[in-house]
Every structure is written in structure tokens, then in C-alpha cells.
Amino acid sequence: MHPQLSREFVTDALSQSILDPRCRALYDLCYIQRDHLRREAAADKLRMMTRLYAEQGMLPAGFSLETTTLSLQRACVDCWFSAMATAECLDTALVLSLHKRLMDLFPELPRAEACALASHYLHFHFPELFFVFDSRVEAVALVLTRGEGEVPAGEEQDPGYARFVGACLKLVDGMVPLVGRRLSPRELDRVLRAWVDRRVVLPALSDEAALATLHG
């Protein structure tokens with residue numbers, strides 16, 4: 001029997017060790033040094049992030065740390081971040097817009113890798129507001145929701161990330177009866193990665209059991 005998104009599965013996933021020391025250090029660095037005024041600080045954040053990212057085999061060899069750091073400084077990233085810094089809840093339209101703007105700063109990356117890196121960069125700065133995208137987590141989220149989920153339509157958004165965010169929001173809502181509250185993006189990421197790590201065999205999108213897994 002494969003694990004399901006039951007109360008027991010979710011509780012167990014959330015009870016596991018939250019972070020390895022490097023991720024914890026990266027969260028702390030992005031919290032303390034959120035701005036991009038000093039090139040060295042901006043480069044340190046990106047260097048730590050891309051190193052973790054590359055270890056998962058998801059960063060093309062042609063990625064340039066120096067070029068991207070300069071792009072972050074030249075863009076209005078700190079102005080964009082100021083709007084998020086005062087957000088008390090998830091503003092989906094703003095999240096999608098900011099994610100797309102950051103994606104556009106990684107023109108040398110294929111779309112999927114740029115989408116993933118932008119979501120990681122934003123998540124480490126705003127862990128309670130941005131869902132972390134990668135292809136494995138996306139596959140789980142889309143299967144469990146059949147790819148359904150409402151997000152605001154807008155021109156300034158990446159369609160793939162918008163679909164993923166819609167699925168995540170639906171999962172968060174669907175898990176309220178299981179855990180008694182809404183999970184944060186950081187917590188949902190832990191649950192979905194626990195599913196991936198246990199190598200669950202995903203049902204086909206047409207299988208009725210896909211939706212049943214939401215309720216155990």
C-alpha cells in the first residue's frame with residue numbers, strides 16, 4: 001500500500017526534521033540580507049541557492065552567477081520585494097507577477113529551470129508566500145488535483161507556475177479537514193517532497209483514486 005495524503009501521512013511529513021543546516025543558513029541569510037544593495041551579499045545568496053539547486057541536477061552548466069547577480073542588482077528587485085514585505089497573506093496575483101519578473105532575469109535558462117530557480121529564490125526570501133516549484137513536486141500536485149485550481153488570469157505570469165500555484169492552493173484547502181488549518185507554502189512543500197521521497201507510484205490523472213487520496 002502506498003502512502004496517501006491522509007492525516008497520518010501529513011502529520012508524519014511535518015514532524016520530520018525540517019531543514020538541513022545549509023537550507024537553514026540560506027533562510028537566515030535571505031531574512032537578514034533581503035536587499036540587493038551589496039553585490040557580495042547578493043552573490044552569496046545566489047551562490048548558496050544555486051549550489052543546492054545544482055546538487056539536484058536541475059541547473060544547466062551554462063548558468064552564470066556573475067551575470068545573474070548583476071541582473072538582480074540592475075533590476076528593481078528591491079522595489080518588487082518591498083510590496084511583498086508588507087503582505088500579511090498570499091496575494092496570488094502579486095505572487096505570480098513577481099515570479100514572472102524574476103524568471104525574466106534568467107534568460108540563459110530553459111523555461112522550466114528559470115521557473116524553478118525563480119520560485120526557489122523568492123521562497124527563501126518569503127517562505128510563507130511562495131510555493132517552491134520543481135518538476136517532481138509539480139507532478140504530484142497536478143495528479144492530486146487533476147490539474148485543477150483557480151488562479152487570477154493575468155498577462156504578467158508564467159502559465160506553468162500559475163497552474164502549479166492553483167494546484168497548491170487547492171491542496172492547501174483540501175487538507176484543512178485533515179490537519180485543522182491551512183498549511184503554509186513551506187509546509188506544503190515538505191508534504192509533497194515526502195510523497196516524492198517515498199517514491200509513491202502516482203495514479204493516472206483519469207483515475208478516480210487520485211482525488212480520493214486527498215481524504216485518505
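If you go through segment 19-32 one residue at a time, how many are outside any helix (DSSP H, G or I) and hydroxyl-bearing (Ser, Thr, Tyr)?
0
In this structure, does Phe131 turn out to be within 28 Å of Val10 (Cβ to Cβ), touching a His at 6+ places or on another chain (Cβ under 8 Å) and modelled with pLDDT of 90 or more?
Spelling it out, Phe131 is indeed within 28 Å of Val10 (Cβ to Cβ), touching a His at 6+ places or on another chain (Cβ under 8 Å) and modelled with pLDDT of 90 or more.
Suppose we keep only residues that are in a loop (DSSP other than H, G, I, E, B) and touching a residue at least 12 places away in the same chain (Cβ under 8 Å) within segment 33-54. Which one would you say is surrounded by the most Cβ atoms within 10 Å (Cβ to Cβ)?
His36
Checking the structure you have, find out if any residue of segment 109-123 is in a loop (DSSP other than H, G, I, E, B) and either out of contact with any Asp or Glu (no Cβ under 7 Å at 6 or more places or on another chain) or not hydrophobic (A, V, I, L, M, F, W, C) (or both).
yes
Out of Glu148, Glu138, I need the residue that is among the acidic types (Asp, Glu), farther than 23 Å from Met48 by Cβ and not in a helix (DSSP H, G or I). Which one?
Glu148
List the pairs whose first member sits in segment 65-79 and is farther than 18 Å from Met49 by Cα, whose second member is at pLDDT 90 or above and assigned to a helix (DSSP H, G or I), and whose Cβ atoms are under 9 Å apart, counting only residues at least 6 apart or on separate chains?
As it stands, the answer is Ala75/Arg101; Ala75/Leu102; Cys76/Arg101, since those pairs meet every condition given.
Residues Thr92, Thr67, Thr86: which one is surrounded by fewer than 20 Cβ atoms within 10 Å (Cβ to Cβ), modelled with pLDDT of 85 or more and either in contact with a strand residue (DSSP E or B) (Cβ under 7 Å, 6 or more places away or on another chain) or over 25 Å from Val191 (Cα atoms) (or both)?
None of the other options fit; the residue is Thr67.
Could you tell me how many of the residues in segment 153-200 are under 21 Å from Phe124 (Cα atoms), in a helix (DSSP H, G or I) and small (Gly, Ala, Ser)?
Residues meeting the conditions: 5.
Restricting segment 151-186 to residues that are in contact with a helix residue (DSSP H, G or I) (Cβ under 6 Å, 6 or more places away or on another chain) and acidic (Asp, Glu), which is surrounded by the most Cβ atoms within 10 Å (Cβ to Cβ)?
Per the criteria, the residue is Asp158.
Restricting the first residue to segment 169-190 and requiring it to be touching a residue at least 40 places away in the same chain (Cβ under 8 Å), which pairs with a second residue that is of a type in the set (Gly, Ala, Ser) meet a Cβ separation below 8 Å and a spacing of at least six or different chains?
From segment 169-190, the pairs are Leu169/Gly149; Leu171/Ala141; Leu178/Ser6; Leu178/Gly216; Arg190/Ala13.
The values are calculated or read from the model by the stated rules, or taken from the named source; none is laboratory data. All figures in this text were calculated on a predicted structure; none of them were measured in a lab. Quick reminder, even Gly has a Cβ in these numbers, built from the backbone with ideal geometry, and neighbours come from all protein chains shown.
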